[in-house]
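The values are calculated or read from the model by the stated rules, or taken from the named source; none is laboratory data. As the structure is a computational prediction, the values presented were derived from the model and not from experiment. When we count neighbours, we look across all protein chains shown, and the Cβ atoms used for this are built from the backbone with ideal geometry, even at glycine. Ligands, DNA and RNA are excluded from the accessible area calculation, which covers all protein heavy atoms including side chains. Shrake-Rupley method; radii C 1.70, N 1.55, O 1.52, S 1.80 Å.
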Amino acid sequence: MSRKRYTQAINEALHEEMERDPKTILFGEDVALAVFGDTRGLLDKFGPKRVRNTPICEATIAGMAVGAAAAGYRVIAHLLFSNFIYTGFDAIANQMAKLRLMTGGQIDLPITVLAVYGGGASQAAQHSDANHPVLMNLGGIDVLVPATPADAKGMLKTAIRSNRPSFFLEASGLGAVGGEVPDGEHLVPLGKASVARDGMDVTLISVGSMIRATQNAAKKLAEAGVDAEIIDVRSLVPLDERTIIKSVMKTGRTVIIDEARDMCSAASHIAAVIADKGFAGLRAPVRRVTVNNSSMPYAPNAEAAIFPNADDIVRAATSICQPETAA
Amino acid sequence: MATPILTQDQSVTWQTAQLSMLERMLLIRHAESRLARVAKEVGLPGGVHLSIGQEATAVGICSQLEEDDWMTSTHRGHGHFLAKGGDVNAMFAEIWGKSSGICKGMGGSMHVADFSKGIIGANGIVGGGLAIATGAALAAQLDGNGRAAVCFFGDGAANQGVFMECLNVASIWNLPAIFVCENNGLSEFTVSSTVTAGKLSDRARAFDMPVSVVDGNDVRAIAQAARNAVERCRRSEGPSYIEASTYRIQGHLEAEDMILGGGTYRTNDEVERWRKDDRDPIARFRDCLNNEGVCDHTLFATMTADAEAAVEAAVAFAEQGDPADTKLAYALMGVGEEA
Ligand SMILES: Cc1ncc(C[n+]2csc(CCOP(=O)(O)OP(=O)(O)O)c2C)c(N)n1
Ligand SMILES: [Mg+2]
C-alpha cells in the first residue's frame, strides 16, 4: 500500500494502461498540460501519436472516440468538466450508446470517457453538474463514480480494458483527497459496490462524490448511538443491487445520498430497486438526500444551502431511526 | 452610448467620443487589475478569467452599439459587460456573490448579464453565445427595428461546429448579426495555431459575408470595423465578421499557476512584449490622443484616478452587500419547498 491522491491514482492508471496496450490512445482538450492533473506526463511518455490535444470540439471528440474504437483502437477521451458531456451529447447518446445494438453486435467499443463532475466550489451552474443520471439513462454505457484513490485506480484500469463504452467520472471535490492504494497491479471489478463501514441500524448508500459527507454523517450518528453502515456505490451502471439489498435487509432503514438533482437521480433509481427487491426487509420509508432539482448557484452561501451535507444526512437518518415512528 | 464620430474632425463631439472610449478602457483595466489582486490576496469565490490587454476589442465594438442592441459574451466577459454599459458596482457585487450583484449572486464572474442594457450575458460554455446571438439577431430581424446582435467569441470557440452553423444560418437568413472573434492566439493552455487549420476569417468568407481582420489593440480600427458592420445591420443587409487580433496578458484564469503545476504554454518574453507601450491598447490610444492634443498627461492622470476611484467604490459596494438569498435558486428553478 502507498498513500496517493485521487488524481494521482488516476494518473498512474492511465500511465500503466497506455504502457500495457500500445493500441490505447488518449485525446481531449488540454490533455498535454492537464487542466485537472490527471493526464499529466502522458504526452511526454507516449508521444503525440497516441496522446493529442484536440481543438475545442466536444461533439467531435465524442464522435471520434466512437470511430477510432470501431476501427480498432482502445480510446480514452477527456471531456474536461462533465457539463461538456452536453456539447458532445449526440455522439454519446445516438452513436456510442447505440452502435453495438444497431449493428447487431458487430463491434465492441472500448471507450473510456473521463470527465470531472460536481459542485461545491462556486464554479456556477455550467461547471457544477453531477450529471451521471443522464448517462445512466442511455443504456449501453457503463457509469463509474469511484470515491477513493484505490477505487479510482483499480476501476479506471478495468474500464480501459473493458470492451464496453464507459464514463469514468472524477469527483471534483475528491481530486486532492488521499488514500491508500495497493502497490502493483490493482484491478477493481466494475459493478461491485463496497461496504465502506459496517453497521446495524441504518444503511447510508453514498454515490461517488458524497462519500465524505456520508462518512462525517456516520460519525455524528455514532455519537448519537446510531450505528450506520455505508455502502459506497462506486459503479452506477452496472449497479450492484445484491450488496445494496443485502444491507437493506440487515438494517431495514436506508438513506441514499447523491449529488445529482433528485428527479431521476441515481438515488431515485436505487430507491426504486429497493422498493422492488428489498420491500420485505424495510422497517421505514427510504430517504433520499439529493439536490432539490436546482442547478448550483454561484454564491458560496447559496450553493452551500443547496448542496447535500452531513447534517442533511443525519437528519434524514434520524427521521427514520426513531423506533416505531412512520416518518 | 454609440460613438458616431470616427473621422478626426476635432469637433467637441469627436473629442468626447474619444475620451469616452479611453474612459471605458481604463475602467475595464483597473477593474480587472483589482480583481486579479483580490483573487491573489484574499481569493474570490469562483474562477475569474481576465481580459487585460484585450480592452480595445470590447470598447471599440461596443462604442458603435446602442443600449438596445444585443450582445453575447464569453467566459472572459467583464470587459464586454462594462463596455456595453454594465454597472461596475453590480458586476463586482456579483463576483463577490452578493444579492446586490447584477445576477443576485446566482451566476458569478462567468455569467454577468444585464438584459436592460442588451447584455445577454457571459457564458461558461465555449461557443455558447454564438447561437444565442444568432437567435437574438433573428428576433431583431422579425422586429424590423434595425437592432444588431453582436457575438463576442474566442479563437478557441471558432473550432466548435456551432460557429460554422451560425455563420451559415445568419448568412442564409440575412440576419443582423456581428460575429466578433477575439483572436488572442490561445485556447486555455493550448496555442491555438496547433489545433486550428487555415485562417478563421476564411471560414466566415466561405459563408459569404463581409470580413474584416483588424488590429485588436487599436480601438479606432475596431470601432471603424464595428461601424461598418452595425450600419449593415441597420440597413438590413445581413451579418458581418470581424476578427480582432489581440493578446491575453493574464493567465487563462487567475489560479493558472496552481493548475499548471509548473507546466508552461508561453514564454514570459512573449507576455512582456505585449505589455509594452507599443502594443498595449490603452498606452497606444493614450499616446495617440496625446499627440492629437485631445488628452494630455494631466487629463490622463485624472482619468486614471477616476477609474481607480470607481473601482474602489465598487469593491466597497460589493463588500457591503448582503449575502445572496439562499432560497432564490429554488424560486428561479421553479422548485417546490418539498422534494
Ligand atoms: C464547451 C466547453 N468546452 C471547454 C471549455 C473549457 N474552456 C474554457 S475557456 C477555454 C478556452 C477558450 O478559448 P477561446 O475561445 O479562444 O477564448 P479565450 O479564453 O482565449 O478568451 C476552454 C477550452 C468550456 N468552458 N466549454
Ligand atoms: Mg483565445
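Answer yes if at least one residue in the stretch B:47-56 is within 16 Å of ligand 2 (Cβ to nearest atom) and part of a helix (DSSP H, G or I), and no otherwise. The answer is yes; a qualifying residue exists. Here is the figure for the stretch A:86-114: residues that are within 16 Å of ligand 1 (Cβ to nearest atom) and more than 14 Å from chain B (Cβ to nearest Cβ) total 3. Listed by position, the helices (runs of 4 or more DSSP H) inside the stretch B:76-171 whose residues that are without any contact (Cβ under 8 Å) to a residue 24 or more places away in the chain and more than 16 Å from the chain's Cα centre (by Cα) number at least 2 are B:128-143. Taking the listed residues B:Phe317, B:Phe285, the one that is away from chain A (no Cβ under 11 Å) and open to solvent by 70 Å² or more (accessible area, probe 1.4 Å) is B:Phe317, with no other qualifying. If the condition is being buried (at least 20 other Cβ atoms within 10 Å of the Cβ) and within 16 Å of ligand 1 (Cβ to nearest atom), then the stretch B:170-195 contributes B:Phe179, B:Val180, B:Cys181, B:Glu182, B:Asn183, B:Asn184, B:Ser187, B:Glu188, B:Phe189, B:Thr190, B:Ser192. In the stretch A:292-303, of all residues being surrounded by fewer than 24 Cβ atoms within 10 Å (Cβ to Cβ) and touching a residue at least 40 places away in the same chain (Cβ under 8 Å), the one that is farthest from the other protein chains (Cβ to nearest Cβ) corresponds to A:Ser295.
Just so you know, in the stretch B:121-142 the residues that are more than 16 Å from ligand 2 (Cβ to nearest atom) and crowded, with 22+ Cβ neighbours inside 10 Å include one that is nearest to A:Asn83 (Cα to Cα), and it is B:Gly121. The criterion of being aliphatic (A, V, I, L, M) and away from ligand 1 (no atom under 12 Å from the Cβ) holds for B:Leu260.
Here A:Asp232 meets each of (1) within 18 Å of A:Thr148 (Cβ to Cβ); (2) free of Cβ contacts under 8 Å to residues at least 24 places away in the same chain with one exception, condition (2). Candidates are the residues of the stretch A:119-173 that are within 14 Å of another protein chain (Cβ to nearest Cβ) and in contact with a strand residue (DSSP E or B) (Cβ under 6 Å, 6 or more places away or on another chain); the one that is surrounded by the fewest Cβ atoms within 10 Å (Cβ to Cβ) is A:Ser172. Do we find that B:Ser193 is assigned to a helix (DSSP H, G or I), within 16 Å of ligand 2 (Cβ to nearest atom) and within 14 Å of chain A (Cβ to nearest Cβ) in this structure? So B:Ser193 passes the test. If you go through the stretch B:206-238 and keep only what is over 21 Å from B:Gly146 (Cβ atoms) and either open to solvent by 60 Å² or more (accessible area, probe 1.4 Å) or among the acidic types (Asp, Glu) (or both), you end up with B:Ala206, B:Asp208, B:Val213, B:Asp215, B:Asp218.
B:Asn145: away from every other protein chain (no Cβ under 11 Å), of a type outside the set (Gly, Ala, Ser) and either open to solvent by 10 Å² or more (accessible area, probe 1.4 Å) or within 30 Å of B:Gly321 (Cβ to Cβ) (or both), yes or no? In short, yes.
Residues that are over 17 Å from the mean Cα position of the chain (by Cα) and within 15 Å of A:Val286 (Cα to Cα) were ranked within the stretch A:204-245; the one that is surrounded by the fewest Cβ atoms within 10 Å (Cβ to Cβ) is A:Ile245.
What's the total number of residues in the stretch A:15-34 that are farther than 18 Å from A:Ala62 by Cβ and surrounded by 15 or more Cβ atoms within 10 Å (Cβ to Cβ)?
The total comes to 7.
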